[in-house]
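In what follows, a single structure is set out as structure tokens and then discussed.
Throughout, read-outs are computed from the coordinates displayed, never taken from laboratory work. Just so we're clear, the structure is a prediction, and the values are computed from it rather than from any experiment. Positions of Cβ are generated from backbone atoms using ideal geometry, with glycine treated the same way; all protein chains shown enter the neighbour counts.
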Amino acid sequence: MNAAIIYEGKTFDNLPEFKKGDFGNVIYFHIKNNDGTIFNLTDYVITFLAKKLDYTIVDKYLIEEGCAITSATDGICTYTIKNTDLIEIGSFDCYLKLAVTGKEFKIPLGYLNIFDK
């Protein structure tokens, strides 16, 4: 399973870079099965996770917030960056966590880089 990352109309392999303190930006995720077919998000709860690369504590996330499912049958969800999200400069390992009764898994999104204003 994988997720295309779409920001400002462009598709990315990794998350785009953001400035420290940025907020209000909307990132779209188009989730597909490994064979390229659309993954149906009906009944799933999706969480955006970001963990600093140098954290030694397992599963200590800077960002652990819910995504909005905008089209479940098309496999599309969004995450809107909040004013409390991009508060640390550095590189963050990011995932989408998908959960439904009896199942939970993570889709790697690559790195989120936050730089000084």
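Quick notes
- Using the Cβ of Pro108 as centre and a radius below 12 Å, the other residues enclosed give a net charge of +1, where K and R count +1 and D and E count -1.
- Where GluC sites (Glu not before Pro) fall in DSSP loop in segment 40-117, at most 14 other Cβ within 10 Å: Glu88
- Think of it this way: in the chain, Cys94 stand alone, with no other Cys Cβ under 4.7 Å.
- Correct option for percent of Cα pairs over 18 Å apart [calculated from the coordinates] among [x] 45; [y] 48; [z] 67: [y]
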